[in-house]
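All remarks here apply to the structure that follows.
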Amino acid sequence: MNWKKALQNLPEHEPRPDLWDRIDADLRADAAIDRALDDLPVLEPAAGSWEQIAGRLEKPVVRPLWVRSFRWAAAAVVVLVGVWAVLQPASDEKVTISYKTEVVETDLTSMPEPLQSLADQKAETFIKEQCEQQTVVCQKPEVKELKQQLHELSSRQEAVEQELLVFGNDPALVQAQIKIENERAEVTKELVRILTI
Amino acid sequence: MTFTPDTTETELVDYCLRRDRPVEQRMAQRLLFERYKRAMFSVAMRILNDYDHANDALQDAFVEVFRHLDRFRFQSTLGVWIKTIVVRQALRKRQLEWRFETIDETVHDQPIEVPDTITGAVLDAAIRSLPDGARAVFVLAEVEGYKHHEIAAMLNISEGTSKSQVSYARKLLRKKLADLL
C-alpha cells in the first residue's frame, strides 16, 4: 500500500454521543442572547451632567505647553525680524496715531451704538495704508492672524446686523453685537500698536 | 428660534455652531445632549462597568462633540459620530488597564441550557459580570456593531484577539446566564 492510498483509507472516528446536544444548546443559547441584545435597558447618566458640560464649555480651551512654547518661539523670531526691519534705513517720517478702546457696558435696554465709529474707520484706513507701505511688517504671522480675526469679526458683525433687522432688539443679539464690537476694538488697537512700532 | 421635539438634527447642529447667538447655541446644545444622553451613557457604562467613570467619559465626550461639531460633515448620522467619540473617551479612561484574559478552554464542559426567555435586564447583568477586556470587545462588536478590524484599532489588539474575545465572552455569557436562571 502506497502512501497516497494509506491516506485515503484513514479510519473515521466517532465523536462523543452528546456532541450534537452541546452544539444545539450553544446555538439556542446564542439565539436567546441575540434576542435579548435588542432589549438591553437604556441607562440614565447622573442628574447634573448637563450643568457640568455647560460649565466646561464656558471655559476657554487651554492649549498644551508645547503649543504655547512654539508660539513663544515663533513670537521671538517675529521680534528679531522686527528689530532687523527697524534697524534698516527708513524715512524720517514719524507716524503717530492715537487709538482708544472703550468697553461698552452691557445695558440690554438701550439701543445699540452706531456700528462703526469714525475712530474705527480711521484706524482701519490707517491699517490698510500701513500694510500697503510696510509689506514686511504686514507679513508677520501675528499681523496676519490679527487681520484675519478682524475680518471674521466684521463678518460676524454683519450677520448680527442682519439678524437685528429681522428679529428686532433681541437681548441675546444686542449682547452678541456689543461683544463683537469690543473684540473688534481690541484687535484693531493691537494692530495699530504693532504697525506703529 | 423656538426649538421643539420636531426640530431636525440639521437645524440643531446649525444652531450649536452659532457663536453669534449664544442663547440659542446653548439651548441647541442642551437639546442635542438630551436626545442622545441615555443611549451614549449606556454605551459608556457597558464598556466601563463603572458609574463614575462612565459619567466622566460622557462629559468629556460631549464637551469634545460641541467643541468640534464644525468637523461633522454629515457623512454618517450624528448619532454614529457622537458614539465614536463616546467610545473613544470610554476606552481612554482605562487605556492602560485593559487586560485580555487567556481564554479558558475548559469553560462549560457540560451542555448548558439557557432559557429562550432571558430578558435584556438579565443579559445586561451578565454582560457586566464579564472580565473587562472580553466585556469591552463583546459590547463593541455585538451591541454596538463595530467590525473586528475597527475594534482592533481602537484597543490596539489584533483582529484575531478581537474575534476570540467575543467568542470567549459568549461562552462565559452562556454559563453565567445558565447560573443566573
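Take every Cα pair under 8 Å whose residues are at least 6 apart in sequence, average their separation, divide by the length of chain B, and the relative contact order is 20 percent. Need the per-residue list for the stretch B:9-42: every residue with at least 50 Å² less accessible surface in the complex of protein chains than in the chain by itself, probe 1.4 Å, sorted by number. Residues of the stretch B:9-42 that lose at least 50 Å² of accessible area once the other chains are added: B:ASP20, B:ARG21, B:ARG26, B:ARG30, B:PHE33, B:ARG38. For the chain pair B and A, the buried solvent-accessible surface (1.4 Å probe, both sides summed) amounts to about 4000 Å².
The smallest convex shape that holds all Cα atoms of the stretch B:9-93, its convex hull, gives 83 Å³ per residue.
Peptides B:35-44, A:132-141, B:155-164, A:10-19, ordered by how many other C-beta atoms sit within 10 Å of their residues on average, highest first, read B:35-44, B:155-164, A:132-141, A:10-19. GNM on chain B, alpha-carbon springs under 10 angstrom: the most fluctuating residue among B:ASP132, B:ASP50, B:ASP116 is B:ASP116. Rounded to the nearest Hz, the phi-derived 3J(HN,Hα) couplings of the stretch B:119-128 under the Karplus curve 6.51 cos²θ - 1.76 cosθ + 1.60 (θ = phi - 60°) are 9, x, 5, 5, 4, 4, 4, 5, 4, 5, where x marks glycine and proline. For chain B, modelled as a GNM with alpha-carbon contacts under 10 angstrom, which of B:VAL86, B:VAL122, B:VAL139 fluctuates the most? Fluctuation is largest for B:VAL122.
Need the list of lysines near A:LYS128 for cross-linking: C-alpha distance under 16 angstrom, and skip anything on the same chain fewer than eight residues off. Candidates past the 8-residue exclusion: A:LYS140, A:LYS144, A:LYS147, A:LYS189. Applying the Karplus relation 6.51 cos²θ - 1.76 cosθ + 1.60 with θ = phi - 60° to the stretch A:13-19 yields 3J(HN,Hα) values of 10, 8, x, 4, x, 8, 4 Hz, where x marks Gly and Pro.
The modelled label-to-label distance for the pair B:ARG73/B:VAL23, using points 7 Å beyond Cα in the direction of Cβ, is 3.6 nm. The relative contact order of the stretch B:11-81 comes to 26 percent, based on Cα pairs under 8 Å that sit 6 or more residues apart. Computed over every Cα-Cα pair of the stretch B:45-181 and binned at 10 Å starting from 0, the pair-distance distribution P(r) comes out as 11, 38, 33, 14, 3, 0 percent. Across the alpha-carbon set of the stretch B:46-95, the Rg to Rh ratio works out to 1.00, Rh being the Kirkwood radius.
Here the Karplus curve 6.51 cos²θ - 1.76 cosθ + 1.60, taken at θ = phi - 60°, turns the phi angles of the stretch B:3-17 into couplings of 8, 10, x, 8, 4, 6, 4, 4, 5, 4, 4, 4, 6, 4, 9 Hz, with x standing for Gly and Pro. Using C-alpha pairs below 8 Å separated by at least 6 residues, the relative contact order for the stretch B:119-178 is 40 percent. Subtracting the Cα-Cα distance of A:HIS13 and A:VAL77 from their residue separation scaled by 0.36 nm leaves 15.0 nm. For B:GLU101, nonlocal amide neighbours, meaning residues 5 or more places apart or on other chains whose placed amide H falls under 5 Å from its own, are B:GLY133, B:ALA134. In degrees, nearest 10, range 0 to 90: what is the angle between the Cα axis of helix B:51-67 and the longest Cα principal axis of chain B? So the inclination is approximately 40 degrees. For the stretch B:120-180, the solvent-accessible area works out to 38 Å² per residue, with a probe of 1.4 Å and every protein chain left in place.
Take each residue in A:19-26, count the other chain C-beta atoms within 10 Å of its C-beta, and the mean is 3.
The values are calculated or read from the model by the stated rules, or taken from the named source; none is laboratory data. Source: prediction; values computed, not measured. Note: ideal-geometry Cβ built from the backbone for every residue, glycine included; neighbour counts use all protein chains shown. Side chains included, ligands, DNA and RNA excluded: accessible areas come from the protein's heavy atoms. Shrake-Rupley method; radii C 1.70, N 1.55, O 1.52, S 1.80 Å.
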